[in-house]
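A short worksheet on the structure shown next.
The values are calculated or read from the model by the stated rules, or taken from the named source; none is laboratory data. Predicted model only: the values in this text are computed from it and were never measured. Methodologically, a virtual Cβ is constructed for each residue, glycine included, from the backbone with ideal geometry; neighbour enumeration extends over all protein chains shown.
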Amino acid sequence: MPAPRPHVLHEATYRQLLEHRPNVAVLPWGATEAHGWHLPHGTDVIEAMAIAEAAVERAVAKGSKAILLPAIPFGNNAQQQDQVATIHFSTTTALAILRDVTESLVRQGIDRLVLLNGHGGNAFAPLVRDVMLETGATIVVVNFWQLCPEVLRATFHDPGDHAGELETSLVLHLHGELVEMEQAGDGRTVPFAIEAISQPGVWTPRPWSQTHPDTGCGDPRQATREKGKAFFDAASDAVATMLVAFSQASKGQTPYV
């Protein structure tokens, strides 16, 4: 059996943590929601946790003092409350969780936190601004699907927004046994009937079940394991590089001030 890894909090012993004190924590944050007809409800958690774990592993091998925290499995799903067993965290709940996690870390000398976000509905910017002001920590948000745009362009015909080619390829690579490709829909979007609300600079949340009939957004049918692995490796490497630099930064090096 493999030994517990000191950079994975769920595995680490207290002795390991005392001997390998981290200075930057990575918190995967996903959601539990429908992902088309073919992907598991836990897709966002699976993706965020896998990329975070691989990134921390690679960063520690290069000298980073990073530690992987357990994932937050629920996110903001206010517009999916008509879908079975979808748990919604309000913004105030998310703020309270982020504040408590950050304050706990800061008390223990860890004032660097990376949020590895797996869900587009998690809007962290205002929360991060408030918690950084209150705690003095530096918080970095990583939206994994926005990483490595050159790899995205070279790898995917159309990555899609939700349960499309990108996410389906990732889950095929990570947990192919959970993907039911024969059930996949086309991920089509029904445009707003009020066209004026679709113009650039105008926004409102999508009533998801009405605008996305199979709950997906983007065609998953060109997804492959190979595409998923290519993006997974590139994204994990990108996060690992950032973790090394963040961990090794001295106070006063912007944005770590």
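From the residues in the stretch 216-245 that are within 19 Å of the chain's Cα centre (by Cα) and part of a loop (DSSP other than H, G, I, E, B), which one is surrounded by the fewest Cβ atoms within 10 Å (Cβ to Cβ)? In this case the residue turns out to be GLY218.
If you go through the stretch 87-123 and pick out every residue that is without any contact (Cβ under 8 Å) to a residue 60 or more places away in the chain and surrounded by fewer than 18 Cβ atoms within 10 Å (Cβ to Cβ), you end up with 18. Listed by first and then second residue, the pairs linking a residue in the stretch 1-13 that is on the phi > 0 side of the Ramachandran plot to a residue that is modelled with pLDDT under 95, with Cβ atoms under 9 Å apart and 6 or more places separating them unless they lie on different chains, form an empty list.
Apart from one condition, PRO200 fits all of (1) touching a helix residue (DSSP H, G or I) at 6+ places or on another chain (Cβ under 7 Å); (2) in a loop (DSSP other than H, G, I, E, B); the exception is (1). Residues in the stretch 142-162 that are part of a helix (DSSP H, G or I) and either touching a residue at least 12 places away in the same chain (Cβ under 8 Å) or not acidic (Asp, Glu) (or both): PHE144, TRP145, GLN146, PRO149, VAL151, LEU152, ARG153, ALA154, THR155. Filtered by the rule that a residue be outside any strand (DSSP E or B), closer than 12 Å to ASN23 by Cα and not aliphatic (A, V, I, L, M), the stretch 108-141 gives GLN108, GLY109, ASP111. Applying a threshold of 8 Å to beta carbon distances and a minimum spacing of six or more residues, or different chains, the list of pairs starting in the stretch 218-240 at a residue that is within 12 Å of MET181 (Cα to Cα) and ending at one that is of a type in the set (Val, Ile, Thr) reads PRO220/THR168; ALA223/THR168. How many of the residues making up the stretch 24-81 are assigned to a helix (DSSP H, G or I) and farther than 18 Å from ASN143 by Cβ? Number satisfying all stated conditions: 8. If you go through the stretch 46-95 and pick out every residue that is under 19 Å from PRO4 (Cβ atoms), under 15 Å from the mean Cα position of the chain (by Cα) and β-branched (Val, Ile, Thr), you end up with 1.
Pairing each residue of the stretch 172-190 that is loosely packed, with under 14 Cβ neighbours inside 10 Å with any residue that is of a type in the set (Phe, Trp, Tyr), provided the two are 6+ apart or on different chains, yields C-beta distances under 6 Å for GLN183/TRP37. Residue pairs whose Cβ atoms lie under 8 Å apart, sitting 6 or more positions apart in sequence or on different chains, and linking a residue in the stretch 45-73 that is closer than 21 Å to ASP100 by Cα to a partner that is among the polar types (S, T, N, Q) and assigned to a helix (DSSP H, G or I), are ALA66/SER247. Of all residues in the stretch 106-124, those being hydrophobic (A, V, I, L, M, F, W, C) and closer than 12 Å to LEU95 by Cβ number 2.
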